[in-house]
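What follows is one structure encoded as structure tokens, with my remarks underneath.
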Amino acid sequence: MTVELCDEIENLLKAQGVCDVGFARVSDGPGDLCHAVTIVAALSDAVVDEIDGAPTHTYFHHYRTVNAFIDSMLLRAGTLLQSRGYRYIPIAASQTINTGKTREHLGRYSHKKAAVLAGLGTVGKSALFLHRELGPRVRLGTLFTDCPLTELSAAAESPCGACRLCADACPAGAIKNVAWRPDAAREELFDAHACNSYMRAHFMDIGRGAVCGVCMRVCPMRKGE
């Protein structure tokens, strides 16, 4: 992809409200598409700040709305690429693929992996992506294409240090207080099954047991802190 087309995609997305865009090359993209576009959408601080030990109805609605916005932005970027003769596959902002293994809770591709490779941030002890300015208060989307991208390979270290606020606050006890590293498996940091089971047992009346947000709420890594 020429620099001009990268700039066109970034300008298109940011004009619609996307707060950050990154580009990276990966070795395991779907459909043999090895160039990734990551988009970052900011969550409302006011909505997140209302989370106090449990998600709110407002947060659940906001979460779904931002996910839908990201999916629409991936479509916009993909349509532009296809009009220039390239192929693309968008990865949904929030989608679990049913592999028959109930404890996996995985999507088709890790948004966090693509975002880190694009130099947009790192990963915390919570296993949440930590944007370089906004911390965990973001949602991610990823688009894969065969269009050559301006590439950036990054391996940012986790900034968490001795902080364990997320581990102490997690109502499911799912966060293991282990510092992230680029080769770490999610299971080393975070028990996704414990998280999911707790949400379904306690938050079915709020978002059908699909959201929590407590670890994101307590994380001190965000702009201005």
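The values are calculated or read from the model by the stated rules, or taken from the named source; none is laboratory data. As the structure is a computational prediction, the values presented were derived from the model and not from experiment. Note: ideal-geometry Cβ built from the backbone for every residue, glycine included; neighbour counts use all protein chains shown.
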Hey, could you check the range 187-225 for residues that are basic (Lys, Arg) and closer than 19 Å to Asp52 by Cβ and say which is surrounded by the fewest Cβ atoms within 10 Å (Cβ to Cβ)? Arg222
Please report, ordered by residue number, the strands (runs of 3 or more DSSP E) entirely within the range 78-170 with at least 2 residues that are within 24 Å of Gly53 (Cα to Cα) and modelled with pLDDT of 90 or more. 129-131, 138-145
Any idea how many residues of the range 1-47 are surrounded by 15 or more Cβ atoms within 10 Å (Cβ to Cβ), free of Cβ contacts under 8 Å to residues at least 60 places away in the same chain and over 19 Å from Leu120 (Cβ atoms)? 1
I'd like the full set of residues that are over 14 Å from Lys113 (Cβ atoms) and either assigned to a loop (DSSP other than H, G, I, E, B) or modelled with pLDDT under 90 (or both), limited to the range 171-186. Pro171, Ala172, Gly173, Ala174, Lys176, Asn177, Val178, Ala179
Restricting attention to the range 75-91, does a residue exist that is surrounded by fewer than 17 Cβ atoms within 10 Å (Cβ to Cβ), more than 21 Å from Pro148 (Cβ to Cβ) and either more than 18 Å from the chain's Cα centre (by Cα) or touching a residue at least 40 places away in the same chain (Cβ under 8 Å) (or both)? no
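What are the residues in the range 48-74 that are of a type in the set (Val, Ile, Thr) and either surrounded by fewer than 14 Cβ atoms within 10 Å (Cβ to Cβ) or not in a loop (DSSP other than H, G, I, E, B) (or both), if any?
The answer is Val48, Thr58, Thr65, Val66, Ile70.
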In the range 19-43, which residues are more than 17 Å from Arg132 (Cβ to Cβ) and of a type in the set (Asp, Glu)? Asp28, Asp32
Any chance the range 153-171 includes a residue that's closer than 20 Å to Gly29 by Cα, of a type outside the set (A, V, I, L, M, F, W, C) and touching a helix residue (DSSP H, G or I) at 6+ places or on another chain (Cβ under 9 Å)? yes
Residue list for the range 140-170, restricted to those being closer than 15 Å to Lys112 by Cα and either among the hydrophobic types (A, V, I, L, M, F, W, C) or loosely packed, with under 15 Cβ neighbours inside 10 Å (or both): Leu140, Leu143, Phe144, Leu152, Ser153, Ala154, Ala155, Ala156, Glu157
Matching residues in the range 18-47 - criterion: being among the charged types (D, E, K, R), in a strand (DSSP E or B) and under 15 Å from Cys147 (Cβ atoms): Arg25
Output the residues belonging to the range 48-63 that are free of Cβ contacts under 8 Å to residues at least 40 places away in the same chain and of a type outside the set (S, T, N, Q). Glu50, His61, His62
How many residues are in contact with a Lys or Arg (Cβ under 8 Å, 6 or more places away or on another chain), more than 18 Å from Cys195 (Cα to Cα) and surrounded by 24 or more Cβ atoms within 10 Å (Cβ to Cβ) if we restrict to the range 118-139? 2
